[in-house]
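Visitor: So that we are looking at the same thing, I have put the structure below in structure tokens.
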Amino acid sequence: MKRAFKIIIITLLIIAVGALTVYFVSTHNIPVLEPKGLISVKERELIITSSLLMLIVVIPVLVLAVVFGWKYREGRGSKHAPDWEHNNIAECCWWGVPVVIIIILAVITWKTSHDLNPFKPIQNGTTPVKIQAVALDWKWLFIYPDQGIATVNYVQFPEKTPIDFVITADAPMNSFWIPQLGGQIYAMPAMTTSIHLLANETGEFEGRSANISGKGFAGMIFKAVASNKQDFQNWVQYVKSSGKELSWDIYTQLVEPSEYNDVEIYGKIEDQLFDQILIQYMPEGNKK
Amino acid sequence: MSLFGRLGEHALKHDWIEYAAGVSIVGGALVVIILITYLKKWGWLWREWFTSVDHKKIGIMYIVFSAIQLAKGLIDGLMMRAQQATASGDCMGYLGAEHFQQIFTAHGVTMIFFVGMGVVFGIINLVLPLQIGARDVAFPLLNSISFWLFAAGGLYIFISLVIGVFAGTGWTAYPPLAGLKYNPGVGVDYWLWSIQISGAGSLLSGINFLVTILKMRCPGMKLMRMPVFVWATLATVVLVIFAFPILTGTIGMLSTDRLLDTKIFTADYGGNPMMYINLIWAWGHPEVYILVLPAFGIFSEVVPVFSHKKLFGYTSMVWAIAVITFLSFIVWLHHFFTMGAGANVNAFFGIMTMVIAIPTGVKVFNWLFTMYRGKVTFTTPMLWFMGFIFIFVTGGMTGVMMAIPGIDFQVHNSLFLIAHFHSVIIGGVLFGFFSGYSYWFPKFTGFRLNEKLGKYAFWFWFVGFIVAFFPLYLLGFMGATRRMNHYPAGNGWQPLFIVASIGAFLILIGVLFQAAQLYKSIKERNQNKDTTGDPWNGRALEWSTASPPPFYNFAHLPEVHSRDAFWELKKSKKDIVKRKYEDIHMPKNSMVGVNIGILSCVMGFALVWHIFWLAAITFIGILIALIARLFVKETDYYVKAEEVEQIETRSRAT
Amino acid sequence: MNTHEVSPDTHHDVYSKTVFGFWLYLLTDFMLFATIFAAYSVLSGNHFGGPTQKQLFNLDHATLQTVIFLISTFTVGIAGVYTHRKKRGGAIVFFLISFVLGIVFLGMELHEFSHFIAAGSGWKKNAFASSFFSLVGMFVLHLVFALLWVIVLLVPVFRFGITARSVLRLTCLKMFWQFLSIVWAFIYTIVYLLGIV
């Protein structure tokens, strides 16, 4: 009686937890599972596919653990075969089935590694928008080389348009990540990486640094806004007319450590600012 | 250069939490010292424990030290949970950012090096020689030196709380953050020497155990007759031998970057921080298999005994271990798919990573099918195994998911990753250790652990783990990255952090039950004596000795004719042949280990604080200690046959 | 080194255990050098505007060093034979010859280091110099240990002759020296030859 009681309570608890989880998930934004970007949608697909494939093995394992634990408990009088320790069919199954699943996953891995390669440009017939991202202590600087503007902790771009992010750091290693639009890529000093994203719809997304770079790293949060084409053009004009200039001098002040920076916008930028930031790490740019 | 390098009063300035921690550590140490002095036990400690070269004593010291480190690491974890449960929006939490960063760095170092490696080497020390029918490991003095190097490294975790600061870079200390430019202070240096010194100990242990297994098995114990735990140990030490030197070299180069201003891992001057990441993970991935393979070995001992059945698929188990060992060297890049190696490289390493799931799965099925048609008793060791199945398997599943670069791009460095590796490390390594601890406790102490408290401890750990870590999977999907001391409000993260804190608290209760279990068992030890030496009806040779075994382990080295040597012996109902007792050759105690430990600890401290004259002196001191040892002639002695006979008769009589 | 005094039942055990253990130690030392070699390979082209291999290396100097070390390895091998035959005189002479050659090598290497520093390529200069000094410096460190080890072992041999214990220890020393010559062969090839080509 007591055992049955225990089982009922535990089952009810599990159901309650399950229900709470479902409720929570349905009332909150889960960026990776509710993607709004071309890349992140494919990444979610991968998560679901791989989970299902693995459950083919995982669920039997968990079930067997419970069933065997139950059925072969001492005192239940089940058959006892103390020296049975070999069975070719069984071994073939649990070597063979996982091998097949891993082969399938391997093929998927190969394909998607290429498909979802951050360095791979997105081509959808629209002219990409180029944005250069620089990780600083402890904020993000965004440079729009074609528009001649720059921002801090804020980036805006048109929806349904490929965005070519070229990334570096003038700080320790960081990681550039907008979960709702796609995966991340490291931002490293003295070198560039790139990531190509595309927002499927308009919206406001959160981006952050996903690699510890010092004291203020948790505050390296930026807002990424996907607007329609017209709004984007308007925004660019707005920034251009804001009057602030990101000269090299201003930049050297910006590089100084600061945390939880407010959004800044610069209507004018130093020529070839991004390249000049990189050159600092080259012999020719070594000012020491 | 000042006499004290860069050490000054500023090193003692801390915030109130650090003061509290420092005071409790120093206070605790003082209490222990006063207690030992009051009980007049220093001589006993020195003779029986510190200078012992007996693998059983050294094993226990490893475990005691790891238990203390586990307490510290758990407190770190609880503090982190408390911070993250509260630091949302306008509230910045109770810990400053730098302090929080030191806590999670220390937490990682403590758990991986000083708990993980400690319990692994502790259990191997205790069990390995007995299981192969040997009297000790191949190099008992080296064993002692290894332990003291390990302890010396572990002390920095505590010292840095009082004098100076610890690193705030995360436990892998990536440059350029860990380099001179961004972290010129002492924190990273404490990290470096802590790991370098204890790493040397680990390396020497690896060599020691490998020679032991290959050269000191008792007559008849062919390789394919060894218990699977011994195979697991063999694989583990092969990994140690190949992987630890990579760590030595890599953090050695980070040390020269910091001490001598070399430009190996700097962002400029041609340095290459990405190379550090490659090298540290070339060590780091084998390291996690070094941690988990012994746990697999422990389960291969525990499951057959408590299923009253032979282990299923011995040969498969051995092959699976071999495959895992080999593969663990060619997967390291999965720790940094996001560094931009390109699609082909990422895909290769991803595929290699998921292939490891195959032999691992084979082992899980073999254990389950050991239970099939067995007679399973759910003692505490067996409960820990069941808990392992649930938690480790989910951890493994999420691991295979992250082996796919496309997925990893989203979850790398997020709390999803944290949930994964805690699942496999706690579910695998720690639960494995707890299973082994409950299983082998009577053997090495002579009395049994309280089963009831052990079961309570298990359930609180198991439920607590799920409550503490499963929300982190969801948090990862919600975009929560790791190592944050603060996050924005209103995005739904806080409730999950609060749930996680509750889980951490449940785990704490589990630990308290374990402490209570130990206390009660010691108090009631006379009622729970293990008089037969074989309380669980065991299968391997360690159960053929008395509990605890005599210091020489076996009066006569066993002769083995099959697997499960002791089980077969019991089945054949052969009487123990009354053979003539012989003199036994045993090594003497030595203070070389303690000396080297103390000297290394001071040397590392001196290097941290740039007190170079002291570093030089202690280094020379270590050389002198080693050279002096070369000139010691009386390094061992003979136990007379009469004494052996006395000890054997006495233990058979009770 | 942990050795036991000779006893009838464990003599061979101790010898073979210790020699095998020392092989394993050499394996780990090999991995250590491999790590630093990897670093050197990656960084050897990163001069950051400073002097290059072609400007700094003197191949004749390095070749002479290599010949000297190879000879010292040959003589250490002979010393090993004398040791196993318990011939004290021969062992001492040939270990000392290796010792002297080792000192000469050491002097030559320190000379090269000071040349690097004078040419503006000290270990702080750039990644190439740092990794060069790390790799060759690590070799020098090992050599210094070996030289110290020769003295420490030869003193008791000189005073008490060759015992079973000293056979074991001198064998390990000989193995270490031979290991170093293998490491140097890699250094000569990868650092000097490939650097100048």
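Visitor: Quick one: which of B:ASP534, B:ASP564, B:ASP530 is under 29 Å from B:THR380 (Cα atoms), in contact (Cβ under 8 Å) with a residue 40 or more places away in the chain and in contact with a helix residue (DSSP H, G or I) (Cβ under 7 Å, 6 or more places away or on another chain)?
Guide: Among B:ASP534, B:ASP564, B:ASP530, only B:ASP530 is under 29 Å from B:THR380 (Cα atoms), in contact (Cβ under 8 Å) with a residue 40 or more places away in the chain and in contact with a helix residue (DSSP H, G or I) (Cβ under 7 Å, 6 or more places away or on another chain).
Visitor: With a cut-off of at least 1 residues that are open to solvent by 40 Å² or more (accessible area, probe 1.4 Å) and more than 14 Å from every other protein chain (Cβ to nearest Cβ), name the helices (runs of 4 or more DSSP H) lying wholly within the stretch C:11-87.
Guide: Of the helices (runs of 4 or more DSSP H) lying wholly inside the stretch C:11-87, those with at least 1 residues that are open to solvent by 40 Å² or more (accessible area, probe 1.4 Å) and more than 14 Å from every other protein chain (Cβ to nearest Cβ) span C:53-56, C:59-84.
Visitor: Does A:ARG44 qualify as being within 30 Å of A:PRO158 (Cα to Cα), at the interface with chain B (Cβ under 10 Å from one of its Cβ atoms) and either charged (D, E, K, R) or in contact with a strand residue (DSSP E or B) (Cβ under 8 Å, 6 or more places away or on another chain) (or both)?
Guide: Yes: the conditions hold for A:ARG44.
Visitor: To continue, here is another question. Mind checking whether some residue in the stretch A:244-263 is within 14 Å of chain C (Cβ to nearest Cβ), open to solvent by 60 Å² or more (accessible area, probe 1.4 Å) and hydrophobic (A, V, I, L, M, F, W, C)?
Guide: Scanning the stretch A:244-263, I find no residue that is within 14 Å of chain C (Cβ to nearest Cβ), open to solvent by 60 Å² or more (accessible area, probe 1.4 Å) and hydrophobic (A, V, I, L, M, F, W, C), so the answer is no.
Visitor: Of everything in the stretch B:595-648, what is part of a helix (DSSP H, G or I) and acidic (Asp, Glu)? Give them in sequence order.
Guide: B:GLU642, B:GLU643, B:GLU645, B:GLU648
Visitor: Looking at (1) free of Cβ contacts under 8 Å to residues at least 40 places away in the same chain; (2) within 20 Å of B:GLY427 (Cβ to Cβ); (3) surrounded by 24 or more Cβ atoms within 10 Å (Cβ to Cβ), which one does B:THR394 not meet, given that it meets all the others?
Guide: Here B:THR394 clears every test but (3).
Visitor: Same structure again: What is the number of the single condition among (1) open to solvent by less than 20 Å² (accessible area, probe 1.4 Å); (2) within 14 Å of chain C (Cβ to nearest Cβ); (3) under 20 Å from B:PHE150 (Cβ atoms) that B:LEU291 does not meet?
Guide: Result: B:LEU291 passes all but (2).
Visitor: Is it the case that some residue within the stretch A:128-144 is hydroxyl-bearing (Ser, Thr, Tyr) and in contact with a Ser or Thr (Cβ under 7 Å, 6 or more places away or on another chain)?
Guide: No, the stretch A:128-144 has no match at all.
Visitor: Restricting the stretch B:480-498 to residues that are in a loop (DSSP other than H, G, I, E, B) and open to solvent by 20 Å² or more (accessible area, probe 1.4 Å), which is nearest to the other protein chains (Cβ to nearest Cβ)?
Guide: Among residues in the stretch B:480-498 that are in a loop (DSSP other than H, G, I, E, B) and open to solvent by 20 Å² or more (accessible area, probe 1.4 Å), the one nearest to the other protein chains (Cβ to nearest Cβ) is B:ARG483.
Visitor: Scan the stretch B:186-204 and tell me whether some residue there is modelled with pLDDT of 95 or more, more than 19 Å from the chain's Cα centre (by Cα), within 28 Å of B:SER24 (Cα to Cα) and open to solvent by 10 Å² or more (accessible area, probe 1.4 Å).
Guide: yes
Visitor: Any idea how many residues of the stretch B:621-650 are surrounded by 12 or more Cβ atoms within 10 Å (Cβ to Cβ) and out of contact with any helix residue (DSSP H, G or I) (no Cβ under 6 Å at 6 or more places or on another chain)?
Guide: 17
Visitor: Considering only helices (runs of 4 or more DSSP H) fully contained in the stretch B:385-461, which possess at least 2 residues that are under 24 Å from B:ILE330 (Cβ atoms) and within 14 Å of chain A (Cβ to nearest Cβ)?
Guide: B:405-411, B:415-424
Visitor: Which residue, of B:VAL318, B:VAL331, B:VAL305, is open to solvent by 10 Å² or more (accessible area, probe 1.4 Å), more than 13 Å from chain C (Cβ to nearest Cβ) and in contact with a Phe, Trp or Tyr (Cβ under 7 Å, 6 or more places away or on another chain)?
Guide: Selected residue: B:VAL318, the only one of B:VAL318, B:VAL331, B:VAL305 that is open to solvent by 10 Å² or more (accessible area, probe 1.4 Å), more than 13 Å from chain C (Cβ to nearest Cβ) and in contact with a Phe, Trp or Tyr (Cβ under 7 Å, 6 or more places away or on another chain).
Visitor: Okay, next question. Do you know which residues across the stretch A:160-179 are at negative phi and open to solvent by 10 Å² or more (accessible area, probe 1.4 Å)?
Guide: A:ASP164, A:VAL166, A:ASP170
Visitor: Which ones in the stretch B:368-381 are crowded, with 22+ Cβ neighbours inside 10 Å and either out of contact with any Phe, Trp or Tyr (no Cβ under 7 Å at 6 or more places or on another chain) or more than 9 Å from chain A (Cβ to nearest Cβ) (or both)?
Guide: B:THR380, B:PRO381
Visitor: Please work out which residue is farthest from B:PHE409 (Cα to Cα), limiting yourself to the stretch A:145-155 and to residues that are in contact with a helix residue (DSSP H, G or I) (Cβ under 8 Å, 6 or more places away or on another chain) and crowded, with 21+ Cβ neighbours inside 10 Å.
Guide: Checked the stretch A:145-155; the qualifying residue farthest from B:PHE409 (Cα to Cα) is A:ILE149.
Visitor: Can you tell me which residue within the stretch B:38-88, out of those that are among the hydroxyl-bearing types (Ser, Thr, Tyr) and not in a helix (DSSP H, G or I), is nearest to B:GLU98 (Cα to Cα)?
Guide: Among them, the one singled out is B:SER88.
Visitor: Turning to a different aspect of this structure: Select from the stretch A:56-71 the residues that are more than 8 Å from every other protein chain (Cβ to nearest Cβ) and of a type in the set (A, V, I, L, M) and list them in ascending order.
Guide: A:ILE56, A:ILE59, A:VAL63, A:VAL66, A:VAL67
The values are calculated or read from the model by the stated rules, or taken from the named source; none is laboratory data. Computed from a predicted model, the values in this text were never measured in an experiment. Using ideal geometry, Cβ is built from the backbone for each residue, glycine included, and neighbour counts are taken over all protein chains shown. Remember, those area values only see protein heavy atoms, side chains included, never the ligands or the DNA or RNA. Shrake-Rupley method; radii C 1.70, N 1.55, O 1.52, S 1.80 Å.
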